[in-house]
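Have a look at the structure below before the remarks.
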Amino acid sequence: MNRLVLWNVDLTLVDVAIVTRDAYAAAFRMVTGRPLVKLAPAAGRPDSEIVFETLAVNGIAVEDHHLPRFLDALAVCFAERRDRLTREGRAMPGARDALKAVSRLDGVVQSVLTGTVKSNAVLKLKAFGLDKWIDSEVGGYGEEVYPKATLLQVAQGRAKERHGAAFTAGNTVLVGDSARDVQAARIGGAAMIAVASGRSTPAELHEAGADIVLPDLTNPSEVVAAVARLTTPADRTVR
């Protein structure tokens, strides 16, 4: 294995915002006994960060026990709503074909780098049949209280332990939709393919420092070419 491709999940591979917000509201009530008035914006941030801000903006004095309790509740509440994912959500255009096409590249490992807690990320992928191309044991997830750039390095370490190869800035690519994803790649040590399918504009993604900006994932050959270009040393022939 000599390529690691890490995918952001929300607004890169799937859009299940309605179900996610409902799960947050239920988890908030479960933990605090109060209705959720305002949910902190995701903006490419991990669930752990969103939870803290959501508690604060709703007038809850945050204590040490709140984060683990909320994340556990969020996993339970999201799982209870899994049957709604395909009815009220969608796979992003081209996501399935892009994952399948990239999986055919020589020596590739695909996983996720996401702000979503692991159990919920897996449910999101499974709902749309995207999990078959993802090694979920390698990725980085929202319950891990690290900056996303550090989480990228954690994922590289897990990939090395699992596959026995070093993954560095020279052979790791992050595919995401936000300027925050681009920043994580730049700091954490990965090339960046930005997809303008989320809330960041192509100009913002370019300005943040993305290596390649694509309008979406609907051209799998374009996605494969981008991954190959960013993970292939000059002396290696791409098949």
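Summing Lys, Arg as +1 and Asp, Glu as -1, what charge do residues with Cβ under 13 Å from the Cβ of LEU36 carry, LEU36 excluded? Mind dumping the intermediate values first?
Numbers: positive: ARG21, ARG29, ARG34, LYS38; negative: ASP22, GLU53.
My count for the surroundings of LEU36 gives +2.
Between MET1 and GLU204, what is the FRET efficiency for a Förster distance of 45 Å, r being their Cβ-Cβ separation, to the nearest 0.05?
Details: r = 33 Å, r/R0 = 0.73.
For R0 = 45 Å, the calculated efficiency reads 0.85.
Using Cα centres only, tell me the gap between the range 49-90 and the range 198-235 in whole Å.
A separation of 31 Å, based on Cα centres.
Please compute the net charge surrounding GLU49, taking Lys and Arg as +1 and Asp and Glu as -1 over other residues with Cβ under 12 Å from its Cβ.
On the way: positive: ARG45, LYS148, ARG180; negative: ASP47, GLU53, GLU143, GLU144.
Local charge sum for GLU49: -1.
Measure nothing fancy, just the Cα-based angle from helix 47-57's long axis to the longest principal axis of the chain, in degrees from 0 to 90, nearest 10.
Between helix and principal axis, roughly 30 degrees.
Taking only protein heavy atoms and a 1.4 Å probe, what accessible area per residue, in Å², does the range 90-220 have with all protein chains in place?
Numbers: 5250 Å² over 131 residues.
It amounts to 40 Å² per residue over the range 90-220.
Considering only DSSP beta bridges with both partners in the chain, what is the antiparallel share in %, to the nearest 5? Present the calculation step by step, with values, prior to reporting the outcome.
On the way: 2 of 20 bridges.
Rounded to the nearest five, the antiparallel share is 10 percent.
For ALA169 and VAL57 in the same chain, what is the full-extension length gain: residue separation times 0.36 nm, less their Cα-Cα distance, in nm? Could the numbers behind the result be given before it?
Working: separation 112, 0.36 × 112 = 40.32 nm, distance 3.74 nm.
Roughly 36.6 nm would be gained on extension.
Per residue of the range 137-152, what does 6.51 cos²θ - 1.76 cosθ + 1.60 with θ = phi - 60° give for ³J(HN,Hα)? Whole Hz please, x for Gly and Pro, Karplus curve as stated.
My calculation for the range 137-152 gives 6, 8, x, x, 9, x, 7, 8, 7, 10, x, 4, 5, 5, 4, 4 Hz in order.
Between VAL76 and THR150, what length in nm is gained on full extension when 0.36 nm per residue of separation is reduced by their alpha carbon distance?
Working: separation 74, 0.36 × 74 = 26.64 nm, distance 2.68 nm.
So the chain would gain 24.0 nm between VAL76 and THR150.
What is the set of long-range amide H partners of TRP7 at a cut-off below 5 Å, with H atoms built 1.01 Å from backbone N?
Amide H neighbours of TRP7, under 5 Å, 5+ apart: SER111, VAL112, LEU113, VAL175.
In the range 176-210, which trypsin sites (Lys or Arg not before Pro) fall in coil by DSSP and have 15 or fewer other Cβ atoms within 10 Å?
Values: sites: ARG180, ARG186, ARG199; in loops: ARG199.
Answer by residue number: ARG199.
Quick one: what are the phi-derived ³J(HN,Hα) couplings along the range 199-216, Karplus 6.51/-1.76/1.60 with θ = phi - 60°, whole Hz, x for glycine and proline?
My calculation for the range 199-216 gives 9, 8, 7, x, 4, 5, 5, 4, 5, 5, x, 4, 6, 9, 10, 10, x, 6 Hz in order.
Given R₀ = 41 Å, what would the calculated FRET efficiency be for ASP106 paired with ASP83, taking r from the Cβ atoms and rounding to 0.05?
Working: r = 38 Å, r/R0 = 0.93.
According to the calculation, E is roughly 0.60.
So, with +1 on the Cβ of K and R and -1 on the Cβ of D and E, and no other charges, what is the size of the charge dipole of the chain about its Cα centre, to the nearest 20 debye? It would help to have the intermediate numbers written out before the result.
Values: 29 positive and 28 negative charges, 91 e Å.
That gives the chain a dipole magnitude of about 440 debye.
Round to a whole number: what % of the accessible area of the chain belongs to carbon and sulfur, probe 1.4 Å?
Details: 5300 of 10550 Å².
Carbon and sulfur atoms account for 50 percent of the accessible area of the chain.
Apply the Karplus parameterisation 6.51 cos²θ - 1.76 cosθ + 1.60, with θ equal to phi minus 60°, to every residue of the range 14-24 and state each ³J(HN,Hα) to the nearest whole Hz, in sequence, with x for glycine and proline.
9, 10, 10, 4, 5, 5, 4, 5, 5, 5, 4
Using only Cα atoms, what is the ratio of the radius of gyration of the chain to 2.2 N^0.38 Å?
Values: Rg = 17.5 Å, N = 239, 2.2 N^0.38 = 17.6 Å.
Rg over 2.2 N^0.38 Å, computed on Cα atoms: 0.99.
So for the range 17-84, averaging the separation of alpha carbon pairs under 8 Å that are six or more residues apart and normalising by length, what relative contact order in percent results? Present the calculation step by step, with values, prior to reporting the outcome.
Numbers: 56 pairs, mean separation 27.6, N = 68.
Contact order relative to length: 41 percent.
Share of Cα-Cα pairs in the range 173-236 beyond 15 Å, in percent? It would help to have the intermediate numbers written out before the result.
Values: 906 of 2016 pairs.
Tail fraction, whole percent: 45.
Averaged per residue, what accessible surface does the range 17-84 expose to a 1.4 Å probe, in Å²? If you can, show how the numbers build up before the last one.
Details: 3400 Å² over 68 residues.
That works out to 50 Å² for each residue.
May I ask for the equivalent-ellipsoid semi-axes of the range 94-198, computed as the square root of five times each C-alpha gyration tensor eigenvalue and listed largest first in whole Å? It would help to have the intermediate numbers written out before the result.
Values: eigenvalues 66, 54, 46 Å².
Working from the Cα gyration tensor, I get semi-axes of 18, 16, 15 Å.
For LYS160, which lysines qualify as cross-link partners when the Cα separation must be under 30 Å and same-chain residues fewer than eight apart are set aside?
Within the straight-line limit of under 30 Å, LYS160 reaches these lysines: LYS100, LYS118, LYS124, LYS126, LYS132, LYS148.
To test your reading of the geometry: what angle, between 0 and 90 degrees and rounded to tens, separates the Cα axis of helix 118-127 from the longest principal axis of the chain?
In the chain, helix 118-127 runs at an angle near 70 degrees to the longest axis.
For the range 1-86, max minus min Cα coordinate along each principal axis, in Å, sorted largest first?
Ordered largest first, the range 1-86 gives principal extents of 46, 28, 20 Å.
Quote the accessible area belonging to ILE187 in square angstrom, nearest 10, computed with a 1.4 Å probe and with ligands, DNA and RNA left uncounted.
Counting only protein heavy atoms, ILE187 exposes about 130 Å² to solvent.
The values are calculated or read from the model by the stated rules, or taken from the named source; none is laboratory data. Quick caveat: nothing in here was measured; it's all calculated off a predicted structure. Backbone-built Cβ (ideal geometry, glycine too); neighbour counts: all protein chains shown. The area values use the complete protein model at the heavy-atom level, side chains included, leaving out ligands, DNA and RNA. Shrake-Rupley method; radii C 1.70, N 1.55, O 1.52, S 1.80 Å.
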